2 protein chains.
Amino acid sequence: MDKIDIRPDETAVFAVGGLGEIGKNTYGIQFGDEIIVIDAGIKFPEDELLGIDYVIPDYSYLKENADKIKALVITHGHEDHIGAIHYFLNAVNVPVYAGPLALALIKGKLEEHGLLNTTELHEINEDSVLQFDNIKVEFFRTTHSIPDTFGIALTTPSGVIIETGDFKFDLTPTTHQPPNLQKMAKFGSEGVLALMSDSTNAERPEFTKSEQFVAESIKKIFKNVEGRIIFATFASNLSRVKVAAEVAIAEGRKIAVFGRSMETAINNGRELGYLDIPDSSLVDAYEINHLPAEEVMILCTGSQGEPMAALARIANGTHRQVSIQPNDTVIFSSSPIPGNTQSVNRVINELEEAGANVIHGKINNVHTSGHGGQEEQKLMLSLIKPKYFMPVHGEYRMLKVHTGLAQQIGVPLDHSFILENGDVLALTADSARVAGHFPASDVYVDGNGVGDIGNVVLRDRQMLSQDGLVVVVATINLTKQEITAGPDLLSRGFVYMRESGEMINEGRRRIFRTIRYAMQEENATENSIRSAVIDDLQTFLYEKTERHPMILPMFVMI
Amino acid sequence: MDKIDIRPDETAVFAVGGLGEIGKNTYGIQFGDEIIVIDAGIKFPEDELLGIDYVIPDYSYLKENADKIKALVITHGHEDHIGAIHYFLNAVNVPVYAGPLALALIKGKLEEHGLLNTTELHEINEDSVLQFDNIKVEFFRTTHSIPDTFGIALTTPSGVIIETGDFKFDLTPTTHQPPNLQKMAKFGSEGVLALMSDSTNAERPEFTKSEQFVAESIKKIFKNVEGRIIFATFASNLSRVKVAAEVAIAEGRKIAVFGRSMETAINNGRELGYLDIPDSSLVDAYEINHLPAEEVMILCTGSQGEPMAALARIANGTHRQVSIQPNDTVIFSSSPIPGNTQSVNRVINELEEAGANVIHGKINNVHTSGHGGQEEQKLMLSLIKPKYFMPVHGEYRMLKVHTGLAQQIGVPLDHSFILENGDVLALTADSARVAGHFPASDVYVDGNGVGDIGNVVLRDRQMLSQDGLVVVVATINLTKQEITAGPDLLSRGFVYMRESGEMINEGRRRIFRTIRYAMQEENATENSIRSAVIDDLQTFLYEKTERHPMILPMFVMI
């Protein structure tokens, strides 16, 4: 670890996750013996992280400073901001402050992981003020694709530091929660030391379209459709779920909800009053077939082509309750995340082949981003007018473009800091410098294992996924220089055994000789025989197949 | 196999590959005992085809009808049209007809696979006419992202059938080979029975931008860059390579070529006269560092983020000859293929972190598609005016949109045929019907193995890639009901052994008991013991880890 050298008069700002990546947002603001943490998110793994469920931050630095951490403050209830909260609380048990919806989602997680009774939870709203010893925490309403989204202002002895959370400027949101421009402007006019701002859409020049615009498109589509409507979106996009439900009800359709996360979203949304769906508008799966087609909307997950989600199973005909009928219209109210394009396209093809009419993509205006584009990022910078700028929530190139936007608004490039997770920025009222670094790498979660998967295991999975493996088993008496049983060869993921019997037999004969020679070497050991077998079989199989399966010799030494 | 029932007066049209997919284009036109095959392409595998190098068609139907096939006619030299030619020729050895550039690329392939001396090759140009017993084959020039691209017109006893090949209408191509609108219009005015037309961009409403437009953008960028330029594109996009080279030379830069396929493209292009690059403009890798930065352009592969390509290695600092310097500008003159977005983004981030300025994406106008959008597809339909229409070269939803476009141009929906590979369309001068189907599934190529990988092997690779494997080895004397050695457990791609020693030890003790009990069962066999071990270990490991590694018991029975 580099030395971290924060002077007593400096406020430190750092990310445990969220820089150089989309996901695992976790930021810290520290003055003296007081640290406030903002968000505790997960990251969804990239394709090459085979078998990894998700990625969380390395909490070592937070654990070392556990006694200083006074609170975890949440901007909003999306997985990349609250998904790792049970891991975080296991590392550092501190009070949690969150808006109503995020709090409901957090409670569900904590209940599932047995942490609900041991966690101090506080509901906040836009007017809440949290006063700690040195740091005061305030909130301002922003807009995103889920209700109750806040930016956070921290008044420290060095000045005000603002973290925007995820935001767009939706001036006509369907949640009746418009962004509080006045409060942002007030911070700006009173003076802000540093801004940490969402960089997700820094490469998009446009002003992100309002949810109201999407609602109008969806209304038009519903009016023209006579058959059933299958509406697929993210369960986490509660703003979109609200639009779909309201339009369906207005057009005289009943709603059938498919997918566990969608059911949870509907329940939370109704309980908290975000979704105005009367009981009489909800129907069970088995009731669908008794209703006229024009009175049905199926609301489901699977808009990213996830193979196990309701929509994929409806598409390929393996769903128990719903199959595609000729007059069905399927609406993908989402855009594919990079890496999911192939899966989404496959589901679209299957739906169309089954006879459905599929509406997807930007040209139909059935989706808009939850993040603001360049004009909105410039608007945030213009309202807040920070002295220093630290773009967050984005990959390197997004952070870089964002500093260029800040420069256009008057933040000189040397007042902008493109940092990495673990870098510590130390601020006073009139200075900013990088004051050190702590380790903050990725921690992989697979099943219930946290951090027990590393590069060696992933490399093995990579190798196994490409060419499979061949196991060699034999019983060897090294003293007598005898092979008492075997060798036998078994392959998985390599070639069909039945089509390659001759090759496997030849390999077996060859390995028999290899082991015999290797045993006769001076100082022969189990390991030296293993190496000889691996070398020989690798060469042989590559000559035969141009493939490199993993070779696993398993000897029983007697 | 369904019965195929073609009447003597009917001309049959079918795809062995190319329908319901992008890739492996291989079409057949048959009258009586005469079949003409168009193209012999490969398809690049989707992500879930772990370890598969590429996919080729099932040539069984062509093999069964080998004596009828008179020729393989090639539209242009891209891999999805010529990449499987050596597999095709091994199945069916017939004369090959191709334009100059495609022929040069084919010769390279045939030489590599030892088929050059046994294959009859003919160079064609736009004026070539091939007269077979019943079918006459003619060509018309189209535009694409490679020179010498042709549409093919086959005059059969039933009428004229046209296959467009890949096309856009680039009216200002940089290859000086504009599309021959007059020849297309002449076919149209004389009457065309059926059109098979490229559907790739059927979902894009725009008229695809001309290569000249891209050339102007690239010129502007070159004029404003003072440091080195690293220009990345597909080696197969010879039109783009030509633009980059010409602009570089005009701006006083030397060209260093990186990547084997790019070197081949440059050599072929220069030999055939498509690329006018004097020797004095080419420099070797080691000379770059002796030239002023503003006199260097590196032309390289890797624009799709391929991890082994020159560009990825330059980006992550592992390239032997080139590392990024602060003033470098990298141009991605390409757009990411679905599935490659994450890799491309990673390379961009790495390049920018290393200090390069990266230009990519549509907004910079440094790329245009090689395929025409909807307006061009409508233009093709308007020029050819076919009686029947069969969209080709596309996934289902593209084919479907394409039939909608045809309808707008006056081809009634019941004269359009959305077919699958293996479907046989039978045509007379005034009738069209599906006359049967032959098997035409995917054949996977992995290393030098063709078709020896199937779903079982892929499922194993999938399973291995997610949670790895655990091998159990033991020597068992079933008669004496004794475990004479073992059991031993070894895992790969599952968990770190050192961090899970206790679990593995517990598993070993458990399996010892399991084998003992299983041996004592009445009618115990090696298989019954195997099953008991798999069941027990799977349950145990899932309880411990929530993972499902593959369990491979390997017993030596003595």
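The values are calculated or read from the model by the stated rules, or taken from the named source; none is laboratory data. Everything quoted here is computed from the prediction, not taken from an experiment. Because the Cβ atoms are built from the backbone with ideal geometry, glycine has one as well, and the counts that use them run over all protein chains shown. Heavy atoms of the whole protein, side chains included, go into the accessibility calculation; ligands, DNA and RNA do not. Shrake-Rupley method; radii C 1.70, N 1.55, O 1.52, S 1.80 Å.
So for the range A:299-318 (the condition being farther than 26 Å from B:Glu48 by Cα and either more than 14 Å from every other protein chain (Cβ to nearest Cβ) or touching a helix residue (DSSP H, G or I) at 6+ places or on another chain (Cβ under 9 Å) (or both)), does at least one residue qualify? Within the range A:299-318, one or more residues are farther than 26 Å from B:Glu48 by Cα and either more than 14 Å from every other protein chain (Cβ to nearest Cβ) or touching a helix residue (DSSP H, G or I) at 6+ places or on another chain (Cβ under 9 Å) (or both).
Would you mind stating whether A:Gly188 is out of contact with any Pro (no Cβ under 7 Å at 6 or more places or on another chain), surrounded by fewer than 22 Cβ atoms within 10 Å (Cβ to Cβ), in the same structural domain as A:His81 (by the TED database) and on the phi > 0 side of the Ramachandran plot?
Against the criterion (out of contact with any Pro (no Cβ under 7 Å at 6 or more places or on another chain), surrounded by fewer than 22 Cβ atoms within 10 Å (Cβ to Cβ), in the same structural domain as A:His81 (by the TED database) and on the phi > 0 side of the Ramachandran plot), A:Gly188 does not qualify.
Within the range A:129-168, being of a type in the set (Ser, Thr, Tyr), within 29 Å of the chain's Cα centre (by Cα) and closer than 21 Å to A:Phe31 by Cα holds for one residue alone: A:Thr164.
Return a yes/no flag: does the range A:207-222 have any residue that is within 14 Å of chain B (Cβ to nearest Cβ) and crowded, with 21+ Cβ neighbours inside 10 Å. No, the range A:207-222 has no match at all. In the range A:30-86, counting only strands (runs of 3 or more DSSP E) that sit wholly within it, the ones holding 2 or more residues that are open to solvent by less than 10 Å² (accessible area, probe 1.4 Å) and either farther than 23 Å from A:Arg7 by Cβ or modelled with pLDDT under 95 (or both) span A:54-57, A:69-73. Out of everything in the range B:440-458 that is under 19 Å from the mean Cα position of the chain (by Cα) and β-branched (Val, Ile, Thr), what residue ends up being surrounded by the fewest Cβ atoms within 10 Å (Cβ to Cβ)? Applying the filter and picking the extreme gives B:Val450. In this entry, B:Arg509 passes the filter for residues that are at pLDDT 85 or above, loosely packed, with under 13 Cβ neighbours inside 10 Å and away from chain A (no Cβ under 14 Å).
For first residues located in the range A:457-474 and at the interface with chain B (Cβ under 7 Å from one of its Cβ atoms), partners that are of a type in the set (Asp, Glu) and surrounded by fewer than 21 Cβ atoms within 10 Å (Cβ to Cβ) and lie 6+ apart or on another chain with Cβ distances below 7 Å form the pairs A:Val473/A:Asp488.
One residue stands out among those in the range A:513-545 that are within 14 Å of another protein chain (Cβ to nearest Cβ) and among the aromatic types (Phe, Trp, Tyr): the one that is nearest to the chain's Cα centre (by Cα), which is A:Tyr542. For the range B:195-254, a residue qualifies if it is in a helix (DSSP H, G or I), charged (D, E, K, R) and farther than 24 Å from B:His78 by Cβ, and the qualifying residues are B:Glu216, B:Lys219, B:Lys220, B:Lys223.
B:Asp430 satisfies every condition listed in (1) away from every other protein chain (no Cβ under 13 Å); (2) within 31 Å of the chain's Cα centre (by Cα); (3) of a type in the set (D, E, K, R) except (2).
Matching residues to (1) touching a Phe, Trp or Tyr at 6+ places or on another chain (Cβ under 9 Å); (2) surrounded by 15 or more Cβ atoms within 10 Å (Cβ to Cβ):
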position	(1), (2)
A:Asn268	yes, yes
A:Ala285	yes, yes
A:Asn289	no, no
A:Ala293	no, yes
A:Met297	yes, yes
A:Glu306	no, yes
A:Gly317	no, no
A:Pro326	no, no
A:Pro336	no, yes
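Among the criteria (1) over 30 Å from B:Glu112 (Cα atoms); (2) of a type in the set (A, V, I, L, M, F, W, C); (3) more than 10 Å from chain A (Cβ to nearest Cβ), the one B:Val450 does not fulfil is (1). Has the range B:475-487 got any residue that is more than 7 Å from chain A (Cβ to nearest Cβ), surrounded by 24 or more Cβ atoms within 10 Å (Cβ to Cβ), without any contact (Cβ under 8 Å) to a residue 60 or more places away in the chain and out of contact with any Asp or Glu (no Cβ under 7 Å at 6 or more places or on another chain)? Within the range B:475-487, one or more residues are more than 7 Å from chain A (Cβ to nearest Cβ), surrounded by 24 or more Cβ atoms within 10 Å (Cβ to Cβ), without any contact (Cβ under 8 Å) to a residue 60 or more places away in the chain and out of contact with any Asp or Glu (no Cβ under 7 Å at 6 or more places or on another chain). Restricted to the range A:488-503, and to residues there that are under 41 Å from the mean Cα position of the chain (by Cα) and open to solvent by 40 Å² or more (accessible area, probe 1.4 Å), the residue that is farthest from the other protein chains (Cβ to nearest Cβ) is A:Met497.
For the condition away from chain B (no Cβ under 14 Å), assigned to a helix (DSSP H, G or I) and more than 24 Å from A:Ser145 (Cα to Cα), what is the one hit in A:Ser280, A:Ser261, A:Ser323?
Residue meeting the stated conditions: A:Ser280.
Scanning the range A:346-356 for residues that are open to solvent by 30 Å² or more (accessible area, probe 1.4 Å) and of a type outside the set (Gly, Ala, Ser) returns A:Arg346, A:Glu350, A:Glu353. When the range B:366-403 is filtered for residues that are in a loop (DSSP other than H, G, I, E, B) and more than 14 Å from chain A (Cβ to nearest Cβ), the ones remaining, listed by number, are B:Val366, B:His367, B:Thr368, B:Ser369, B:Gly370, B:His371, B:Gly372, B:Lys385, B:His393. Close Cβ contacts (under 6 Å, 6 or more residues apart or on different chains) running from residues in the range B:97-114 that are over 15 Å from B:Tyr87 (Cα atoms) to residues that are assigned to a helix (DSSP H, G or I) and polar (S, T, N, Q) comprise B:Ala104/B:Asn268. For A:Glu420, the conditions (1) in a loop (DSSP other than H, G, I, E, B); (2) more than 14 Å from chain B (Cβ to nearest Cβ); (3) open to solvent by 70 Å² or more (accessible area, probe 1.4 Å) are fulfilled apart from (2). Taking (1) buried (at least 20 other Cβ atoms within 10 Å of the Cβ); (2) within 11 Å of chain B (Cβ to nearest Cβ); (3) more than 20 Å from B:Phe555 (Cα to Cα) in turn, A:His548 satisfies each apart from (1). Count of the range A:518-553 residues, restricted to those that are touching a helix residue (DSSP H, G or I) at 6+ places or on another chain (Cβ under 7 Å) and among the charged types (D, E, K, R), is 4. Just one of the listed residues (A:Asp198, A:Asp148, A:Asp166, A:Asp170) is in the same structural domain as A:Leu427 (by the TED database), open to solvent by less than 10 Å² (accessible area, probe 1.4 Å), of a type in the set (D, E, K, R) and in contact with a Leu (Cβ under 7 Å, 6 or more places away or on another chain), namely A:Asp148. The single residue among A:Lys24, A:Lys107, A:Lys3 that is among the charged types (D, E, K, R), assigned to a loop (DSSP other than H, G, I, E, B) and surrounded by fewer than 19 Cβ atoms within 10 Å (Cβ to Cβ) turns out to be A:Lys3. Among the numbered conditions (1) in contact (Cβ under 8 Å) with a residue 60 or more places away in the chain; (2) touching an Asp or Glu at 6+ places or on another chain (Cβ under 6 Å), the only one that A:Gly23 does not meet is (1). So which residues in the range B:289-303 are assigned to a loop (DSSP other than H, G, I, E, B) and in contact (Cβ under 8 Å) with a residue 60 or more places away in the chain, if there are any at all? Those that are assigned to a loop (DSSP other than H, G, I, E, B) and in contact (Cβ under 8 Å) with a residue 60 or more places away in the chain: B:Thr301, B:Gly302, B:Ser303.
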